[in-house]
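Undergrad: Dropping the structure in here first, questions after.
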Amino acid sequence: MKISVRTTGLPLCRAALPGRAVRTMATAAVAAATHVSSGSSSPMSMPPRLFNVRAAQNARLPVQPASPPRQPTTTTTTPQSQTHPLMPPGYIATTATLPTFTIPSVILPTPSHHLLAKSIISAFRRDGIIQIAQSPLQQRLCKEAMAASKKFFALPPEKKAACVDERSYGGYIASGEEVTDGIADYSEIFTITRDFAKTDSRVKAGWPCHGPVPWPENGGMRETMMRYKTELGEEGKRLVRLVEMGLGLEEGELGRWIGDDGKQGEGGWHHARVLRFPPRNKTNGKGKEGRGIGSHTDYGLLVISAQDEVGGLFIRRPSREERFANWEESAAGLREEEEGWVFVPPVGGTHTVILGDMMQYLTRNYLTATPHKVGLNTRERFAFAYFHEPSFQAVLKPLNGGVIPTDLDDSRKKDKGVHYGTHFTNMFIRNYPERITTKRLLAEGRYGLLERPELRTIGAVPTTTTVEKSV
């Protein structure tokens, strides 16, 4: 197994220059540092109305035995604030220097792969984020996707605005349309959801969030983005397997909630977001000065991201003092103005990987979702995020075994699980309250369909078909 430590400040979609990378053989797995103790949860059965951040911060969680003392690691931070040349102005943060993991193309039950897996788990528990080397194919696909992104966002506003669907949340999101913790974000986005034809039985039955991706006409954006998304999906499978190994779980204990093995349905609710952030001095005035996206956690298992050379990503490291459960109470806006943020500068030829809500839930907080936010820089910035998700139909239950802590809370025995489709829908209703997709979903009463058995059984198909109403 190899770990590369690379310097920062290089465009992410290019290979690092010769001589700029230092590779060292990995030694024993790094001891875990801090973590959040386990907690109870239940699925949200109603559309979100009031999301109380303070309640999320103070959620009662069972106490877990103390972690071992922090050990020396290869990951360091720069203790000064605003010292990195790529950090957006106006932000106070330390700067991360992350080791770069090289992920094998095939994961095998060998000692070296087990060591790699344990090192990755330690890094997630210590830093909340890992950095992985892009393969030559991934570097090429990333470069092509970034070029296609710039071409799309340069289109006239009316052409971009035409890329909206009333059934799915796929397509164009204008700057100021997305809302985090009640404040408009300046990010401009094209969301690539699961792409269902209008004739698909799930779309005809009115299943929430199911519909086509409204791609722009011509230009080849669909083909370019799907090639990159598909490749990142394969990387996501390898990472899920490594997480299983690092946690001491049997193969498939995480993967079974996804269904990517072909035995249960068509796989996970994987999607992607193509993002553009305007320069901080060229916004439309709808949001908060200097803020691209507010503090939040992502919803699924893990997120693989690429960013250009500009810089803007901040994360928070895991801490037992910072408790949250985004599937119970919204973590949007959590500690956004507080100290403790870490700037993640772009590093050439790499992806970053963070964890989502359902990884936190499944592992009983042994691994926690990574709070993150984006600041606006002096130049426009482009990024691509791929979300490796459970099946929309999965009703997830916390895992047992391996290093996952035993749950001593009797209330957890009554836990009915978290339905991922409901969690995903709630989050998009929260983030896009004025979008036509949200308004139609609620006006037609289709939110209640999320309680149906066929929407809570992986691989099931509609038992009835509803006639869609036009808006």
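The values are calculated or read from the model by the stated rules, or taken from the named source; none is laboratory data. All of these numbers come straight from a predicted model, not from anything done at the bench. Virtual Cβ from ideal backbone geometry, glycine too; neighbours counted across all protein chains shown.
Undergrad: Looking at the range 348-359, which of its residues are out of contact with any His (no Cβ under 8 Å at 6 or more places or on another chain), touching a residue at least 60 places away in the same chain (Cβ under 8 Å) and under 16 Å from Leu239 (Cβ atoms)?
TA: Matches in the range 348-359: Thr350, His351, Thr352, Val353, Leu355, Met359.
Undergrad: Any chance the range 276-288 includes a residue that's in contact with a His (Cβ under 7 Å, 6 or more places away or on another chain), closer than 23 Å to Arg379 by Cα, in contact (Cβ under 8 Å) with a residue 24 or more places away in the chain and hydrophobic (A, V, I, L, M, F, W, C)?
TA: no
Undergrad: List the pairs whose first member sits in the range 434-447 and is within 24 Å of Ser175 (Cα to Cα), whose second member is modelled with pLDDT of 95 or more and polar (S, T, N, Q), and whose Cβ atoms are under 7 Å apart, counting only residues at least 6 apart or on separate chains?
TA: Note: pairs meeting the criteria are Thr437/Ser168.
Undergrad: Out of Glu158, Glu244, report the one residue that is at pLDDT 95 or above, in contact with a Gly (Cβ under 8 Å, 6 or more places away or on another chain) and not β-branched (Val, Ile, Thr).
TA: Glu244
Undergrad: Then there's this: Taking interchain pairs and intrachain pairs at least six residues apart, which have beta carbon atoms under 8 angstrom, with the first residue in the range 143-170 and free of Cβ contacts under 8 Å to residues at least 24 places away in the same chain and in a helix (DSSP H, G or I) and the second of a type in the set (A, V, I, L, M) and surrounded by 14 or more Cβ atoms within 10 Å (Cβ to Cβ)?
TA: Here the result reads Pro157/Ala174; Ala161/Ala174, each pair linking the range 143-170 to a residue that is of a type in the set (A, V, I, L, M) and surrounded by 14 or more Cβ atoms within 10 Å (Cβ to Cβ).
Undergrad: Going through the range 374-396 one residue at a time, which ones are in a strand (DSSP E or B) and within 12 Å of the chain's Cα centre (by Cα)?
TA: Once the filter is applied, which keeps residues that are in a strand (DSSP E or B) and within 12 Å of the chain's Cα centre (by Cα), the range 374-396 yields Phe384, Ala385, Tyr386, Phe387, His388.
Undergrad: Considering only strands (runs of 3 or more DSSP E) fully contained in the range 87-135, which possess at least 3 residues that are touching a Phe, Trp or Tyr at 6+ places or on another chain (Cβ under 8 Å) and in contact (Cβ under 8 Å) with a residue 60 or more places away in the chain?
TA: Answer list for the range 87-135: 94-97, 129-133.
Undergrad: Also: Test Gln71 against the stated conditions and say whether it is at positive phi, assigned to a loop (DSSP other than H, G, I, E, B), at pLDDT below 90 and not charged (D, E, K, R).
TA: In short, no.
Undergrad: In the range 236-252, what count of residues is obtained for those that are within 10 Å of Val403 (Cα to Cα) and among the acidic types (Asp, Glu)?
TA: So the answer is 0.
Undergrad: Turning to a different aspect of this structure: From the list Gly265, Gly300, pick out the single residue that is of a type in the set (Gly, Ala, Ser), at pLDDT below 95 and either assigned to a loop (DSSP other than H, G, I, E, B) or within 27 Å of Gly421 (Cα to Cα) (or both).
TA: Testing whether each residue is of a type in the set (Gly, Ala, Ser), at pLDDT below 95 and either assigned to a loop (DSSP other than H, G, I, E, B) or within 27 Å of Gly421 (Cα to Cα) (or both) leaves just Gly265.
Undergrad: I'm told Lys229 meets every condition in (1) in contact (Cβ under 8 Å) with a residue 60 or more places away in the chain; (2) basic (Lys, Arg); (3) surrounded by fewer than 18 Cβ atoms within 10 Å (Cβ to Cβ); (4) closer than 14 Å to Val274 by Cβ except one. Can you identify the failing condition by its number?
TA: All conditions pass for Lys229, except number (3).
Undergrad: What do you reckon, is Gly311 part of a loop (DSSP other than H, G, I, E, B) and either surrounded by fewer than 21 Cβ atoms within 10 Å (Cβ to Cβ) or free of Cβ contacts under 8 Å to residues at least 12 places away in the same chain (or both)?
TA: no
Undergrad: Of everything in the range 404-439 that's among the hydrophobic types (A, V, I, L, M, F, W, C) and at pLDDT 95 or above, which residue is surrounded by the fewest Cβ atoms within 10 Å (Cβ to Cβ)?
TA: Ile436
Undergrad: Being touching a Leu at 6+ places or on another chain (Cβ under 8 Å) and not hydrophobic (A, V, I, L, M, F, W, C) is the filter here; which residues of the range 323-350 pass it?
TA: Hits for the range 323-350 are Arg323, Pro345, Pro346, Gly348, Gly349, Thr350.
Undergrad: Restrict the check to the range 459-467 and report whether at least one residue is out of contact with any His (no Cβ under 8 Å at 6 or more places or on another chain), hydroxyl-bearing (Ser, Thr, Tyr), outside any loop (DSSP other than H, G, I, E, B) and at pLDDT below 90.
TA: no
Undergrad: Let me ask another. Is it the case that some residue within the range 317-325 is among the hydroxyl-bearing types (Ser, Thr, Tyr), surrounded by 24 or more Cβ atoms within 10 Å (Cβ to Cβ) and either in a loop (DSSP other than H, G, I, E, B) or out of contact with any Pro (no Cβ under 8 Å at 6 or more places or on another chain) (or both)?
TA: Within the range 317-325 (the criterion being among the hydroxyl-bearing types (Ser, Thr, Tyr), surrounded by 24 or more Cβ atoms within 10 Å (Cβ to Cβ) and either in a loop (DSSP other than H, G, I, E, B) or out of contact with any Pro (no Cβ under 8 Å at 6 or more places or on another chain) (or both)), the answer is no, since none of the residues qualifies.
Undergrad: To continue, here is another question. Say whether the condition of being surrounded by 24 or more Cβ atoms within 10 Å (Cβ to Cβ) and not aromatic (Phe, Trp, Tyr) is met by at least one residue in the range 277-288.
TA: Scanning the range 277-288, I find no residue that is surrounded by 24 or more Cβ atoms within 10 Å (Cβ to Cβ) and not aromatic (Phe, Trp, Tyr), so the answer is no.
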